[in-house]
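Written below as structure tokens is the structure these notes are about.
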Amino acid sequence: MRFMLLFSRQGKLRLQKWYTATAERDKKKMVRELMQVVLARKPKMCSFLEWRDLKIVYKRYASLYFCCAVEEQDNELITLEVIHRFVELLDKYFGSVCELDIIFNFEKAYFILDEFLMGGEIQDTSKKSVLKAIEQADLLQEVRKLPHNMLCF
Amino acid sequence: MALKIVKGSIDRMFDKNLQDLVRGIRNHKEDEAKYISTCIDEIKQELKQDNIAVKANAVCKLTYLQMLGYDVSWAAFNIVEVMSSSKFTYKRIGYLAASQCFHESTDVIMLTTNQIRKDLSSPNQYDTGVALTGLSCFVTPDLARDLANDIMTLMSHTKPYIRKKAVLIMYKVFLKYPESLRPAFPRLKEKLEDPDPGVQSAAVNVICELARRNPKNYLSLAPLFFKLMTSSTNNWVLIKIIKLFGALTPLEPRLCHSTSQMSFLFFLSPWLSPSSLSTSNSTSAMSLLYECVNTVILCVQKLRILIEDSDQNLKYLGLLAMSKILKTHPKSVQSHKDLILQCLDDKDESIRLRALDLLYGMVSKKNLMEIVKKLMLHVDKAEGTTYRDELLTKIIDICSQSNYQYITNFEWYISILVELTRLEGTRHGHLIASQMLDVAIRVKAIREFAVAQMATLLDNAHLLTGNTQRNGICEVLYAAAWICGEFSEHLENPMQTLEAMLRPKVATLPGHIQAVYVQNAAKLFATVLRSQEGNTDRTAAQETSQLMIDRLPLFVQSANLEVQERASCILQLVKYIQKLQQKDVEVAEEVNALFAGELNPVAPKAQKKVPVPEGLDLDAWINEPPSESESEDEKPRTMFTREETKHSRPRHTEVDEKELAKRREVRKQEQASNPFYIKSSPSSQKVYQEAPGVDHIPVVQIDLSVPLKVPGLPMSDQYVKLEEERRQKDRADKKKKEKKKRKEKGGRRGKRDSGPESEEDITPAHMVDIVTEEMPPTAICRSVSLVPPLNSPPCVPSTCQKSSKHKKKKQKKEKEEKDKKKKKKHHHHRHHSDGAGEESVQNGTVEEEEEPLPTISDAPTCSLASPPPFRQVCDIQGNLQDGSQVVVSLIFENKCDSFLKAMEFNVLDSLNSRLQRPDGAGPHDGLTVPFQLPPGVSNEARFVFTVKSIVMPQKLKGTLAFIVKNEDSSTHEKLDFKLHFTCTSYLITTPCYSDAFAKLLESGDLKASSVKLEGVVMPFPHLLARICFHHHFSVVERIDSCASMYSRSIQGHHVCLLVKTADQTVSIDAKCDEPSLLSNVLDEIKLTFSQC
């Protein structure tokens, strides 16, 4: 997988993960271009399209578009599954996730994605083990966070 | 110090955290940029503090801003600071920021090496994990090299969490630092059998990706993977393994079986349980499914199920998979043409594009026209220019593939190209242009037709160039001008085309097109001169020169250098010619010599085919080589022994015989599949091998030895229809079909071969002849309509009473509408000067007898025509008062829902007949039809033609221009037609008494002629009625099976007939004072009866 984007129906980027190093300017251009293409598509259309030399697989969940770019040889259906799995993970973690969860806890969303995919490849196909890893890392964070929180109040 | 910390923490209470920032941005929708710039200022302040918590918070906010598109590269060093925090909370944020913002050119990455190494060896697995995750995003070749060992160690970490990540990141490391692959591979292989499924799948992933790049090295792993494949129930892993096998199969055929088996499962499993891949437990069903899938054809049938599915995603994937199968098994896919054509109608553009891809591979000679017709319909409907352009390129791709292998009728192709020029705003004008040029140059037989088409295009150039700046379609004028110039000998009216090319409006075209215009105007000029100098009157030639001299200065002023240069050159030339002309010198030949000879395409490698003349050794030194002793020459050889064979000298001797033959073979194969390579005929190839000669430089020739000639704008649809009919005929002709089959089995054919092949396809040469001669695409004339009846019984019975006529026509109309094109029908028939009433009585009898429609020349027939939903009925009447006038009454009926207005009727005059125009009008001006047509309304208009000689039949080409006005738009349309003045149309039914008739015959002024009609089975009265109706005779006397008939021409020629019948044979003895008129009339009568 080359990259994954989350954006809203209004064309606001909510999350981006690039698995190959890309210059900032190119990223912006690609994101803009891709959003235009995907947002222009009607709901009944299929989830795949060819764009530049990549295959784009996208799916809309409520007001959010999840959009992945994969290479020529990759399997579209499994990419769709990856998206779905990611959504399930977010859902489990946030408890019926909504766009706002991702906006306000965007770093958490990244952590989950990083536990699920790495370098564009699926890291773990089991939902349980991904969530367990996140929870434990969070726990670690909370324990260490405590003194700093106390400092604040 | 303590104070500082306290101060810092107090400040922090007022800091914004990420949530505040997000909220703030959402609350400042109007002045977001301004708000963010103040935030960035704050962040900069925060980053200056020593407190790592403050810094981490700032970095977290920066990461968010980075996503919104703000540049945060200035904070790279601060990110590294946060990464190196000992606390997981901050470290995590630091690595996240790094993974989002860093890339290979970020220079601070160098500073991170040690920090990452420290984190990798951290006792806390989450520290390690976060470092690995981060690294996977920003690993550089340097980092990969420095850290490869550390990561390799982690692959054997006790925690599967770390092992899994380490294995995955190794792939990135391999990519950046390939040397690491060899030492790491054994351990990677080990991980395939790791007890943890996560680690296992990670290893499969990595190896699969590696194998995709270089399958050979992974062949040894096949048994291991096979074991995994049969044991694993994780579909994610299975898919990867199948992909791996897919890459290995070409190297190891034995894998093929298992791969096909698995691929099918891979293919079906998501389909069987799309929602839960990982849990789908279809293992039990596998063996069963396996039974179903042994052949590709079965696979294709399964694909059909996918494509027929209502789920758009599956439909898309089915098409995609089918296009892959198409490459290897085109036959099996071709049978699903219907389905794929259906997909062209899909709402979803992605699906339509996939279907288009498939079409490319499934055309054959048989279905090309049909498919392209369908595509043309889509072109009309396509809403977006991108899709329309895609269609356009696909049409051209499909038609031109393998050297136009599938085109059986190039006229049809030219018509398609011409139709495509109607697309506005397409980017692919140059593509159409290059096709036109290619076909016109390479298919000699088509030139005449192409030239006629191109002349029409040039004439109507204004329609194409509405918006020159953005309109790529004007590129076709480039081709049109060149073709008309280069092949000007085929032009029917070169003068008109020359004028069209020198119109002032041409100056608005792009420079390179103008240049071609100017150059080809000169060629045309040469042609025109030649024809004009043939005449006794020299003034015409001088006028032409004057025209050039008048118009060329416009181009001399052009801003484009090329145009300017050519124009001034040619202007000077013409001025010189004019001088010579004034001295009465014949110049045409010399001017023509300027453009003599044909421009032929030569293959880029043609030079190689020219044999080296005997005695010429290209390798021999012309001069003594620069002093170089033998020993020196040998030195390098001994030093670099390996290179010896590559050394230039030995190569020449070695390579020769076998090697050359081999290379030639390879090259031939390459050429065979290269559509741009121009092949020589096989025979000439042989000749070349035996007796080489310069003559055998391959020069393209596609010879369609079919005389082709069609004026007017073509409608490709007609060709489709014709094609169908021709095939029906073919089917009857079994022998030929078999022959063809045998030929088709012959496999791939080169251009040369396809020439005769396509000829064979077109089979009956006369058929094509008719097609081209008589079937002008948009034309009216009766002869046009005859083409269909030739093969099928005439579908329009001869009818004359208006009402029934209409009914019948409607029937035919409906039939034609099945083709989804509304057609204009043109009705053409002769009338008595006394008026329609009398004639309908006359014909009434014919109608009762239910006779089929007679000849070309006379009866009302329908003709195919162009898209405008619009009908014309035409009568031609001779005018008794004036022996040189013919009145043509046209009934225009508007059959569409739009309002038709501003109709302009125009006919291209011939020497013999011309349209009478009002005084002051130019010879090419059209006549305005004095009415407008609301939907469904019909009206009649009359046009008077002056005819000099009536002894020969003739055809006049004409156009009807009109505006179609809809509620929201109005378009300018044009309809081409042909008026056919047969000789019988100059006859007027005139009653004659038998004694006057006898006197006439006795006078001896009349020349005799006779004709015999065989196999006429109709009763004698019918026969007579038929001659009366269609050829305007009246019966003078009838006795048993013998009758005398009489008619008179508008110029007073008497035509007398004696018709006798016996045993299905009708003999007609005729007398007339004008022998050629008589023979033409008799021919027309003969034709009438040959139709029934």
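For the pair B:Lys608 and A:Arg32, how long in nm is the line joining their label points, each one 7 Å along Cα→Cβ?
4.8 nm
Please give the FRET efficiency for B:Ser994 paired with B:Lys1060, using the beta carbon to beta carbon distance and R0 = 22 Å, rounded to the nearest 0.05.
On the way: r = 17 Å, r/R0 = 0.76.
Between B:Ser994 and B:Lys1060 the formula returns 0.85.
In nm, to one decimal, how far is the modelled label at B:Thr158 from the one at B:Lys583, with both set 7 Å along Cα→Cβ?
Between B:Thr158 and B:Lys583, the simple spin-label model gives 11.2 nm.
Can you list residues whose amide H is under 5 Å from A:Tyr61's amide H, if they're 5+ apart or on another chain and H is modeled 1.01 Å from N?
For A:Tyr61, whose amide H was placed from the backbone, the distant partners under 5 Å are A:Phe66.
Relative to the present Cα-Cα distance, how much length would full extension add between B:Asp142 and B:Lys189 at 0.36 nm per residue of separation?
14.4 nm
Would you mind computing, in nm to one decimal, how far apart the modelled labels at A:Ala62 and A:Ser96 are, each placed 7 Å from Cα along Cα→Cβ?
Placing both labels 7 Å beyond Cα along the Cβ direction yields 0.9 nm.
Measure nothing but the geometry: give the 0 to 90° angle between the long axis through the Cα atoms of A:24-39 and the longest principal axis through the Cα atoms of chain A, rounded to 10°.
70 degrees
Place a point 7 Å from the Cα of A:Lys128 along the Cα-to-Cβ direction; which residues of the stretch B:131-163 have their backbone N under 20 Å from it?
B:159-163
Which of the residue pairs A:Lys128/B:Lys16; A:Lys29/B:Lys164; B:Lys365/B:Lys394; B:Lys189/B:Lys240; B:Lys16/B:Lys165 have a Cα-Cα distance greater than 26 Å in the structure shown?
Over 26 Å apart, Cα to Cα: A:Lys128/B:Lys16; A:Lys29/B:Lys164; B:Lys16/B:Lys165.
Show me B:976-986, B:998-1008 ranked by packing, highest mean number of other Cβ atoms within 10 Å first. Mind dumping the intermediate values first?
Values: B:976-986: 25.8, B:998-1008: 12.8.
Highest to lowest by the protection proxy: B:976-986, B:998-1008.
Over the alpha carbons of the stretch B:1012-1063, what is the largest minus smallest coordinate on each principal axis, giving the biggest first in Å?
36, 20, 17
Can you give the average number of partner chain beta-carbon atoms within 10 Å of each beta-carbon in peptide B:158-168, as a whole number?
3
Between B:Arg23 and A:Arg9, what's the calculated FRET efficiency when r is the beta-carbon distance and R0 is 25 Å? Round to 0.05.
It comes to 0.75.
Taking chain A as the reference, fit the longest principal axis to its C-alpha atoms, fit the long axis of helix A:127-152 to the helix C-alpha atoms, and give the angle between the two in degrees, 0 to 90, nearest 10.
50 degrees
Number of Lys pairs in the stretch B:874-1019 with C-alpha atoms less than 28 angstrom apart, excluding same-chain neighbours closer than eight positions?
So the count of such lysine pairs works out to 24.
Let's test the formula: R0 of 30 Å, r as the Cβ-Cβ distance of B:Ser884 and B:Ala921. What FRET efficiency results, to the nearest 0.05? Kindly include the intermediate steps, with their values, before the conclusion.
Working: r = 19 Å, r/R0 = 0.64.
Efficiency, rounded to the nearest 0.05: 0.95.
FYI, it's all coordinate maths here, none of it is from the lab. On a predicted model such as this, the values are computed, not experimentally measured, just so you know. Every residue, glycine as well, gets a Cβ built from its backbone with ideal geometry; the counts of neighbours run over all protein chains shown.
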